[in-house]
1. Condition check: touching a residue at least 40 places away in the same chain (Cβ under 8 Å), over 25 Å from Asn321 (Cα atoms) and in contact with a strand residue (DSSP E or B) (Cβ under 6 Å, 6 or more places away or on another chain). Does Trp105 satisfy that?
2. So for the range 51-60 (the condition being closer than 19 Å to Phe244 by Cβ and out of contact with any strand residue (DSSP E or B) (no Cβ under 9 Å at 6 or more places or on another chain)), does at least one residue qualify?
3. Answer yes if at least one residue in the range 31-41 is at pLDDT below 85, under 18 Å from the mean Cα position of the chain (by Cα) and hydroxyl-bearing (Ser, Thr, Tyr), and no otherwise.
4. Considering each of Pro127, Pro167 in turn, give the residue that is within 19 Å of Leu208 (Cβ to Cβ), over 14 Å from the mean Cα position of the chain (by Cα) and modelled with pLDDT under 95.
5. Inside the range 33-60, can you point out the residues that are among the acidic types (Asp, Glu) and within 11 Å of Ile17 (Cβ to Cβ)?
6. Taking the residues in the range 28-78 that are assigned to a helix (DSSP H, G or I) and touching a Lys or Arg at 6+ places or on another chain (Cβ under 8 Å) as candidates, determine which candidate is nearest to Trp120 (Cα to Cα).
7. Residue by residue through the range 145-154, note down the ones that are within 16 Å of the chain's Cα centre (by Cα) and either surrounded by fewer than 17 Cβ atoms within 10 Å (Cβ to Cβ) or not in a loop (DSSP other than H, G, I, E, B) (or both).
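The values are calculated or read from the model by the stated rules, or taken from the named source; none is laboratory data. Predicted, not measured: the structure shown is a model, and the values here were computed from it. Cβ sites come from the backbone with ideal geometry, for glycine too, and all protein chains shown count toward neighbours.
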Amino acid sequence: MGIRTKIEWVDSSVNPIMGCTGCALRKDHCYAAVLCTHYAGRKGWPESFDQPEFFPGRLEKAIKWPDLTGTIRAKDKMWFDGLPRHIFVNDMSDGFCPDVDAWGWLLPHLDAMEKSPHIWLLLTKWPDRMREFFASLGGTPDNFRLGVSCENQAAADERIPLLLQTPAAVHFVSAEPLLGAIDFSPWIGNTWIDHLDRAREKRHPHNLDQIIVGGESGPGARPMHPNWVRGIRDQCQAAGVPFFFKQHGAWVAHDVWHQADKPRYTRWGCMNVEGRYFDQTTTWNGIQYRPEDGREVSMYRVGKKAAGRQLDGRTWEEMPND
């Protein structure tokens with residue numbers, strides 16, 4: 001977090017709130033919970049992740065960060081070249097979770113954020129609370145991008161319709177950690193051509209403008225079947241929706257990772273349906289496949305760095321820049 005961040009789909013991150021309540025991922029799989037618990041009570045960290053804490057001054061500082069419009073980024077984030085600074089607000093919390101007052105932490109700074117040269121990204125698992133907040137203001141600033149986290153189809157069905165009820169210049173989904181296949185067709189299917197500018201395809205204003213996908217990489221990380229990612233990518237390509245692949249996570253499939261002859265890694269057989277995992281430790285040569293109609297794929301825990309970000313031979317870093 002800070003003026004520079006390793007999060008691939010933003011330039012910077014700022015945490016006026018740290019801590020969160022009510023999330024099902026909290027106990028075993030939330031990286032923010034693990035970090036906040038580890039550093040609990042230290043300067044700049046909350047006393048407890050379960051008790052969200054407001055840190056005054058952080059948003060004011062982020063608003064004053066240098067404008068990056070027109071600049072060339074570092075080699076690892078070239079997809080932002082020329083664009084304004086993209087700032088992820090509250091990557092260590094959820095600013096709209098049940099025990100956080102958005103009117104208290106966000107409203108006093110909204111005018112200055114709107115007047116800043118930056119792009120502000122707000123991501124939540126409580127789009128109903130986010131909708132309530134912006135409805136009370138009568139609208140959403142043009143330089144705000146609103147998103148929801150969707151780890152599976154049930155979360156998508158519940159959260160995306162509520163997200164799209166909140167007007168915004170850009171709506172996005174972060175499918176991270178992706179724990180199952182997701183059909184996005186109800187929210188990316190409608191496109192139309194601007195006949196005054198045939199080179200430009202415009203999406204229906206109630207469709208999603210970007211989908212970000214990533215595998216789990218924190219403690220107790222679960223594998224992400226590569227076909228789940230490919231399915232989302234193919235949906236986005238067909239509908240003209242920007243697709244951003246953040247990472248495979250801690251686990252990678254044997255057909256993606258080409259160093260699978262390395263000795264002894266924890267292996268899970270991951271089915272192409274949510275929640276079907278088979279735990280096993282083995283060597284590559286000792287795997288006994290049970291394909292079950294070809295849906296099982298062997299996954300190896302090699303770590304986020306080794307697993308990498310490539311999908312089918314390339315990286316996917318498409319941005320809603322129009």
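1. Details: touching a residue at least 40 places away in the same chain (Cβ under 8 Å): yes; over 25 Å from Asn321 (Cα atoms): yes; in contact with a strand residue (DSSP E or B) (Cβ under 6 Å, 6 or more places away or on another chain): yes.
Yes: the conditions hold for Trp105.
2. Residues of the range 51-60 closer than 19 Å to Phe244 by Cβ: none.
No, every residue in the range 51-60 fails to be closer than 19 Å to Phe244 by Cβ and out of contact with any strand residue (DSSP E or B) (no Cβ under 9 Å at 6 or more places or on another chain).
3. Taking every residue of the range 31-41 in turn, at least one turns out to be at pLDDT below 85, under 18 Å from the mean Cα position of the chain (by Cα) and hydroxyl-bearing (Ser, Thr, Tyr).
4. Numbers: Pro127 fails: modelled with pLDDT under 95.
One residue alone meets the criteria, Pro167.
5. As a first pass, look at the range 33-60 and keep what is among the acidic types (Asp, Glu): 47, 50, 53, 60.
Once the filter is applied, which keeps residues that are among the acidic types (Asp, Glu) and within 11 Å of Ile17 (Cβ to Cβ), the range 33-60 yields only Glu53.
6. Keep residues of the range 28-78 that are assigned to a helix (DSSP H, G or I), which gives 28-29, 31-38, 58-63, 75-78.
Still in the list and also touching a Lys or Arg at 6+ places or on another chain (Cβ under 8 Å): 29, 33.
Working: His29: 26, Ala33: 23 Å.
Across the range 28-78, the extreme among qualifying residues is Ala33.
7. Start the filter on the range 145-154 by keeping residues that are within 16 Å of the chain's Cα centre (by Cα), which leaves 145-153.
Residues satisfying the conditions are Arg145, Leu146, Gly147, Val148, Ser149, Gln153.
Every residue, every condition in (1) surrounded by fewer than 14 Cβ atoms within 10 Å (Cβ to Cβ); (2) modelled with pLDDT of 95 or more, yes or no:
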| position | (1), (2) |
| --- | --- |
| Arg159 | no, yes |
| Leu163 | no, yes |
| Glu176 | no, no |
| Leu179 | no, no |
| His195 | yes, no |
| Arg198 | yes, no |
| Asn207 | no, no |
| Val213 | no, yes |
